[in-house]
Structures are given as C-alpha cells and as structure tokens.
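The values are calculated or read from the model by the stated rules, or taken from the named source; none is laboratory data. Remember, predicted model here, so these are calculated numbers, not experimental data. Cβ atoms come from the backbone with ideal geometry, glycine included; neighbour counts cover every protein chain shown.
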Amino acid sequence: MPAHNDNFPWMSYYRNYKFFEQRMNEHSKVSLCEQLDEGLYNIELNNGNTLKVFICECYSFGTAEYVESCENYGAIDAVVISSNWCSYALELKRDCMADKVGIFDVRGFMAAINRNEYWSYITEYEKDKFKEYGW
C-alpha cells in the first residue's frame with residue numbers, strides 16, 4: 001500500500017531520495033551511489049560488488065509490492081524503505097533472504113552493507129520475532 005503516491009514507484013513524499021543518497025555517499029563501504037531510475041540505484045561497494053537497490057516509501061511493503069517492483073525493474077538485490085513511518089513484512093524479509101535479497105530500512109541497509117552476506121542482516125527485534133515465529 002503506497003504511503004503518498006498511488007503510482008509505482010511510490011516516490012518519497014518530497015519526490016527525492018536526498019537523505020538516502022547522502023547516507024550512501026558518506027558510508028565507508030560505498031564507492032559510488034548512482035541513480036538509474038526513479039527509486040532505483042546502483043550502489044557500488046568498495047569490495048567490487050554492485051547492488052541494484054530499490055528505494056521506496058510504501059506504508060506496508062509486502063510480497064505484492066516486491067513482485068511489482070521486480071516486474072518494473074527486473075531482479076533487485078535489496079529494497080530499502082525510506083520512511084520511519086513505513087515498514088515491510090517480516091515474512092517477505094525471511095523469504096527474500098533465502099533468495100539473497102535484502103529488505104531493510106535505511107539504518108538496516110547501512111549496517112547490512114558492512115557484511116559480505118548483506119541480505120542476511122537482521123535487527124535484534126527481527127531476531128526475536130524470527131525466533132518467536134519459529135523461523
């Protein structure tokens with residue numbers, strides 16, 4: 001369910017991603033942050049890997065939104081929810097992790113790209129929930 005915009009790619013309220021871009025340009029593991037399309041970025045890491053990242057502001061990002069994102073942009077390596085009042089489904093995060101795709105908020109993505117297996121990064125809250133759900 002989009003937060004501000006009913007049309008894909010569910011742009012941020014201010015129709016830009018300056019906060020995300022600034023965080024990426026300041027991150028010690030990022031060598032290049034390149035916008036490819038609305039809400040779509042290549043994030044080149046210092047280790048030589050390049051991640052295709054979809055940034056969106058979606059009230060509740062779930063499987064349907066993920067499928068629509070991939071239909072519009074092809075395979076992606078990570079989804080970053082750019083709003084503090086929006087979130088993603090934990091079931092989607094679990095399912096995407098199995099496919100080596102990360103689902104994060106901005107803070108989680110910044111932490112995740114410090115790891116080789118970035119897609120496997122989960123917060124303490126997520127660890128507790130995964131355990132509670134028997135995952």
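Observations on the structure shown:
- On the stretch given as the range 9-26, residues that are in a loop (DSSP other than H, G, I, E, B) and either modelled with pLDDT of 85 or more or surrounded by fewer than 17 Cβ atoms within 10 Å (Cβ to Cβ) (or both) total 4.
- Of all residues in the range 83-120, those that are touching a strand residue (DSSP E or B) at 6+ places or on another chain (Cβ under 7 Å), modelled with pLDDT of 95 or more and not aliphatic (A, V, I, L, M) total 7.
- Among the residues of the range 27-37, those identified as under 23 Å from E57 (Cβ atoms) and surrounded by fewer than 17 Cβ atoms within 10 Å (Cβ to Cβ) are E34, Q35, L36, D37.
- Here A64 clears all of (1) closer than 14 Å to N114 by Cα; (2) free of Cβ contacts under 8 Å to residues at least 40 places away in the same chain; (3) of a type in the set (A, V, I, L, M, F, W, C) except the condition numbered (1).
- Within the range 27-59, considering residues that are touching a residue at least 24 places away in the same chain (Cβ under 8 Å) and over 13 Å from the mean Cα position of the chain (by Cα), the one nearest to D77 (Cα to Cα): L45
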